[in-house]
Amino acid sequence: MWVPVIAAAVGCYLLKLAGLSVPPRLLAHPAVRRVAAALPIALLTALIVIQTVTTGHRVTFDARAAGLAAAVIAVLLRAPFLVVVGVAALTAALARLLA
């Protein structure tokens, strides 16, 4: 059990060290800056989609998808973060209740 944990920790450390070893002139390139700015958004979006529409190895649309749709609408209406979370949770709960 400890071997994979230690291997993962060493891997994370080496990845962090590799990022710190990149020359500053490479990081100043405009294309690198654009990718670095967009990467967290893309990763978070992928995580949200995977967690919302998959169960095991299957694609499923259930109450989670309804909650996500309600959250997207709340974000588009510029609702505060806590309101977005509340709307999503309430929508998912009602969808589960009605299903």
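For the reader, a short list of remarks on this structure follows.
- Each Lys and Arg contributes +1 and each Asp and Glu -1, all at the Cβ; summed about the Cα centre of the chain, the dipole is approximately 260 debye.
- The chain: relative contact order in percent, alpha carbon pairs under 8 Å with at least 6 residues between: 18 percent
- Neighbour net charge for residue 53 - beta-carbon separation under 12 angstrom, K R +1, D E -1: +1
- For Kirkwood radius over Cα pairs in Å, calculated from these coordinates, the label among (1) 17.0; (2) 17.5; (3) 13.8: (1)
No value in this document is a laboratory result; all are computed from the given coordinates. Remember, predicted model here, so these are calculated numbers, not experimental data. FYI the Cβ positions are ideal-geometry reconstructions off the backbone, even for glycines, and counts take in every protein chain you see.
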